[in-house]
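Heads up, the thing below is written out as structure tokens.
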Amino acid sequence: MSISDFTSDAPTFTGMRLDRAMREREDRAVVAQLLDDPEARVVAASREGVLIADGEEPSLLRAPLAERAPIAAQARQEPILLGLEDGAAVFAIELDAVARVGREELTGRGRIVSLREAGAILAHPDAGLAAYLTALLNWHRRHRRCANCGAATSVKEAGYSRRCPRCRSTHFPRTDPVVIMTVENDGRLLLGHRAGWPDARYSVLAGFVSPGESAEEAVIREVREESGIVARDPKFVASQPWPFPSSLMLGFQAQSDGGEPRAGDDELDAVGWFTRDQVIDALNGSNPGLLLPPSVSIARFLIDRWLRLHGS
Ligand SMILES: [Zn+2]
């Protein structure tokens with residue numbers, strides 16, 4: 001198998017094709033029209049995952065909005081408009097808030113899978129839509145009250161903001177930036193083992209960007225904190241929505257002049273340099289001492305890319 005057999009052009013959860021309808025969602029009359037359109041569809045998720053339709057090519061299940069009263073009622077009460085698909089509106093349904101009958105009617109047509117599984121089995125555009133749906137519903141679930149004064153907030157802009165009636169604050173969906181990076185020295189890759197992972201599982205290092213810090217500075221700091229290694233020349237590579245519950249992964253590549261890595265914080269319990277051959281053997285399943293992250297993650301995307309760039 002060649003390395004290109006393992007690689008993808010873009011990280012999973014990117015490539016969502018809906019028009020996000022940023023203009024339409026600001027006009028309540030337009031949103032009302034979209035709700036009445038017989039072509040309007042819903043896609044649904046619960047805390048457990050997203051609702052998919054099985055088949056030769058699995059997809060995110062799209063159901064007519066008007067079909068069942070409990071579903072239509074939720075969509076009308078607090079519309080969460082994801083966007084337009086071929087001109088028709090797609091609304092999000094929070095299954096945890098639908099009455100049992102309505103929920104079963106919808107879930108009976110498909111199956112709920114975790115977002116990770118959805119990323120592994122859906123084509124990129126629908127995996128991206130699943131991530132978008134999950135990210136937005138996660139935010140609404142966790143931000144029902146105003147962070148400024150504690151009052152209950154209401155949905156605005158057809159799901160893109162929440163408004164506090166008491167202090168008049170507007171709250172927008174939150175995204176938490178995380179840097180994740182390959183660090184390379186003399187043909188070797190720096191990988192760490194997180195406490196609690198299977199023994200052989202290793203991945204590239206990662207961490208949240210701190211307040212008042214650039215992403216590039218976060219790369220240097222995280223590598224130093226987690227491994228004691230001095231990284232330099234961080235360059236942005238690609239990003240990935242990662243709504244577990246609300247992260248945006250910022251993928252970087254960096255260099256290092258080497259040194260002996262040591263696990264320096266509570267998150268990692270082992271860290272080390274791995275040669276290209278060791279990583280390739282892991283990809284081929286012939287290195288029992290090294291298990292790489294699944295292809296749904298940008299970690300794996302970055303590792304695959306590193307191998308491709310260091311091909312012999
Ligand atoms: Zn408030």
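The values are calculated or read from the model by the stated rules, or taken from the named source; none is laboratory data. Not measured: the values here are computed from a predicted model. So basically every Cβ, Gly included, is an ideal-geometry build from the backbone, and we count neighbours across all protein chains shown. Surface accessibility is based on the protein's heavy atoms, side chains included, excluding ligands, DNA and RNA. Shrake-Rupley method; radii C 1.70, N 1.55, O 1.52, S 1.80 Å.
Stretched out fully, how many nm does the piece from residue 145 to residue 308 gain, at 0.36 nm a residue minus the Cα gap?
Extending this stretch completely gives an extra 54.0 nm.
Set Lys and Arg Cβ to +1 and Asp and Glu Cβ to -1, take the dipole of the chain about its Cα centre, and tell me which of 31, 284, 223 lies farthest positive.
Going by the Cα projections, it comes out as 31.
What is the distance, in nm, between label points placed 7 Å from the Cα along the Cα-to-Cβ direction at residue 84 and at residue 286?
Computed distance between label sites residue 84 and residue 286 equals 5.4 nm.
Got a sec to turn the phi values of region 27-41 into Karplus ³J(HN,Hα) couplings, 6.51 cos²θ - 1.76 cosθ + 1.60 with θ = phi - 60°, whole Hz, x for Gly and Pro?
Using θ = phi - 60°, the values come out as 10, 4, 5, 5, 4, 4, 4, 5, 5, 7, 5, x, 7, 4, 10 Hz.
How long are the semi-axes of the equivalent ellipsoid of the chain, defined as square roots of 5 times the Cα gyration tensor eigenvalues? Whole Å, largest first.
Numbers: eigenvalues 323, 105, 52 Å².
Its equivalent ellipsoid spans semi-axes of 40, 23, 16 Å.
What are the ³J(HN,Hα) values, in whole Hz, obtained from phi via the Karplus relation 6.51 cos²θ - 1.76 cosθ + 1.60 with θ = phi - 60°, for each residue of region 92-109 in sequence order, with x given for Gly and Pro?
Residue by residue, region 92-109 yields 8, 10, 8, 4, 5, 10, 8, 4, 3, 4, x, 5, 5, 4, 6, 5, x, 8 Hz.
Take the solvent-accessible surface of the protein heavy atoms, probe 1.4 Å, and return the percent of it on the chain that carbon and sulfur atoms account for.
Using a 1.4 Å probe with all protein chains present, the chain comes out at 48 percent carbon and sulfur.
With each pseudo-label sitting 7 Å past Cα toward Cβ, what's the residue 116-residue 97 distance in nm, one decimal?
Once both label points are built, they end up 2.7 nm from each other.
Can you give me the accessible area per residue for region 1-158, using a 1.4 Å probe, in Å²? Spell out each step's value before the answer.
On the way: 7960 Å² over 158 residues.
Each residue of region 1-158 exposes 50 Å² on average to a 1.4 Å probe.
So for region 52-94, taking the charge dipole from beta-carbon charges (+1 Lys/Arg, -1 Asp/Glu), which of 65, 77, 92 sits furthest toward the positive end?
In region 52-94, that residue is 77.
Which residue, 203, 303, 270, has the largest displacement toward the positive end of the dipole of region 180-312 when charges sit on each Cβ (Lys, Arg +1; Asp, Glu -1)?
Toward the positive end, the furthest listed residue is 303.
Let me spell out the model: positive unit charges on the Cβ of Lys and Arg, negative unit charges on the Cβ of Asp and Glu, origin at the Cα centre of region 81-124. What dipole size does that give, in debye rounded to 20?
For region 81-124, the charge dipole is close to 180 debye.
Starting from the coordinates of the alpha-carbon atoms of region 150-299, obtain the Kirkwood hydrodynamic radius over all distinct pairs and give the value in Å to one decimal.
Numbers: mean 1/r = 0.0585 Å⁻¹.
17.1 Å is the Kirkwood radius here.
Let me check the size of region 180-251 from its C-alpha atoms; what are the radius of gyration and Dmax in Å?
According to the Cα coordinates of region 180-251, Rg and Dmax are 12.6, 36 Å.
With +1 assigned to the C-beta of every Lys and Arg and -1 to the C-beta of every Asp and Glu, and no other charges, what is the dipole magnitude of region 163-273 about the Cα centre in debye, to the nearest 20?
Roughly 780 debye for region 163-273.
What FRET efficiency comes out for the pair residue 170/residue 10, r = Cβ-Cβ distance, R0 = 30 Å, nearest 0.05? Intermediate results must be reported in sequence, preceding the final value.
Details: r = 32 Å, r/R0 = 1.08.
Once the sixth-power term is evaluated, E becomes 0.40.
With the crude spin-label approximation of a point 7 Å out along Cα→Cβ, what separation in nm comes out for residue 123 versus residue 201?
Placing both labels 7 Å along Cα→Cβ, they lie 3.1 nm apart.
Ignoring ligands, DNA and RNA, how do 126, 37, 266 rank by accessible area with a 1.4 Å probe, largest first? Could you put the intermediate results ahead of the total?
Details: 126 25, 37 50, 266 150 Å².
Final ranking, largest accessible area leading: 266, 37, 126.
Can you show me the helix-derived [θ] at 222 nm for the chain, built from DSSP H runs with n ≥ 4 at -39,500 (n - 2.57) apiece and divided by the number of residues, rounded to the nearest 500.
Working: 8 runs with 85 residues, N = 312.
Value at 222 nm, helices only, nearest 500: -8000 deg cm²/dmol.
Please state the relative contact order of the chain as a whole percent: Cα pairs under 8 Å, 6+ residues apart?
Over the chain, the number comes to 18 percent.
I'd like the Karplus ³J(HN,Hα) series for region 247-261: coefficients 6.51, -1.76, 1.60, θ = phi - 60°, whole numbers in Hz, and an x wherever there's a Gly or Pro.
Each residue's phi maps through the Karplus curve to give 8, 10, 7, 10, x, 10, 10, 9, 10, 8, 8, x, x, 9, x Hz.
Show the residues, 5+ positions off or on another chain, whose built amide H is closer than 5 Å to the amide H of residue 181.
Here the answer is 205, 252, since their amide H atoms fall under 5 Å of that of residue 181.
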